[in-house]
1. How would you rank Val150, Val261, going from fewest to most other Cβ atoms within 10 Å of each one's own Cβ?
2. Using a cut-off of 13 Å between beta-carbons, work out the net charge of the residues near Arg265 (Lys and Arg +1, Asp and Glu -1, Arg265 not included).
3. For Lys158, which lysines qualify as cross-link partners when the Cα separation must be under 18 Å and same-chain residues fewer than eight apart are set aside?
4. Starting from the Cα gyration tensor of segment 115-164, take the square roots of the eigenvalues, sort them a ≥ b ≥ c, and report rounded, prolate or oblate (rounded when a/c is under 1.5, otherwise prolate if a/b is larger than b/c, else oblate).
5. Take the Cα radius of gyration of the chain and divide it by 2.2 N^0.38 Å, with N its residue count; two decimals is plenty.
6. What angle do you read, to the nearest 10 degrees and between 0 and 90, between the alpha-carbon axis of helix 16-26 and the longest principal axis of the chain?
7. Specify whether the C-alpha gyration tensor of segment 1-105 places it in the rounded, prolate or oblate class, a ≥ b ≥ c being the square roots of the eigenvalues: rounded for a/c under 1.5, otherwise prolate if a/b is larger than b/c and oblate if not.
8. For Lys3, list the lysines whose Cα falls under 21 Å from its own Cα; do not include residues on the same chain fewer than 8 positions away.
Amino acid sequence: MYKFAVFGNPVQHSLSPTIHNLFARQCDLSVQYDAIECTLSAFAITVRDFFLCGGHGANVTLPFKEHAFALANTVSSAARLAGAANTLCRSDDRTLFAENTDGLGLIRDLTTTQGLNLTHCRILLLGAGGAARGVLGPLMQATTHPVTLVNRTLAKAKDVAAHFSRVGKVITRSYAELADDHYDVIINATSASLSSTLPALPDTLSCRNALVYDMMYSKKPTIFMQWAKNQGASVVCDGLGMLLEQAAESFYLWTQHRPEVLAVRRQLLHPSRPL
Ligand code: NDP
């Protein structure tokens, strides 16, 4: 039996156990997937214990992604670029390997599920925390335009832009400076929706014909998704697709089985239907 877990704080709300159990059923694998909540000071020892006691793979969520990166013995290029990891596993020599599948998950959801060609898209990314760092590199690589990054604490956005300058140019702006701008894709990687608040977006920021994406997922449209609809967005999505895609990539890393994400998405949205 495979032993997996997600580490976070808080973590009880996480959909990851449900998603990975559905992946396991679909791939006919026996899996135990736990949600483990711990404090920051106990994170390293709790993760080490999990792997010492036979854990095969772990997901890491808020607020531990940077710590997971620091804890690993080896890291992927995506994790190195992000400076954060959402996936851990044991290498053959029993050392800890860190990966970041958030960027790939978002790009897959945008291009495969939403059918978007990002090549000529002007992209606005809100937030400069772990999630933004995870997706910024892949977004920069997907479009020919510089990505615009805005954050409540502007200095943090500037630090992130400097870190990513080896990949390309990132334009940093304050929220007020977005007035009258127009983007093809707007991605909310802030945690504002978690507390049902909106970032300080100017009323004159147009979303006309844009795809607007909130990385947060919930049963009802988030406050940010409602704002985007009112601003004229043509497509508005939550982060469920990204969550599924990044989870599928972790599952593949751990088991070498690639689940069929669309079937699991349908199952999550309509649990009474067969998988
Ligand atoms: P962090 O705590 O690392 O970063 C939070 C970010 O949100 C910071 O940039 C912070 O700005 C900003 N922020 C918080 N509150 C506000 C506010 N009221 N107005 C404007 N900005 C605000 O969190 P993560 O980056 O790890 O996660 C961000 C979101 O992404 C969460 O909702 C998380 O659930 C979601 N997520 C979804 C995934 C998916 O697969 N769908 C994967 C990963 C994350 P400042 O620096 O000024 O404090």
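1. Lowest to highest Cβ neighbour count: Val261, Val150.
2. Numbers: positive: Arg108, Arg266, Arg273; negative: Asp109, Asp238, Glu245, Glu260.
Net charge around Arg265: -1.
3. Partners found: Lys169.
4. Numbers: a/c = 2.05, a/b = 2.03, b/c = 1.01.
Here segment 115-164 falls in the prolate category.
5. Details: Rg = 18.4 Å, N = 275, 2.2 N^0.38 = 18.6 Å.
Computed over Cα atoms of the chain, the ratio equals 0.99.
6. On a 0 to 90 degree scale, this one is about 60.
7. Taking the square roots of the gyration eigenvalues as a ≥ b ≥ c, segment 1-105 is rounded.
8. Result set, ordered by chain and number: Lys65.
Only the coordinates and a few stated rules stand behind these numbers; no lab work does. What you see is a predicted model, and the numbers here were worked out from it, not measured in a lab. Glycine also receives a Cβ, built like all others from the backbone with ideal geometry; neighbour counts cover every protein chain displayed.
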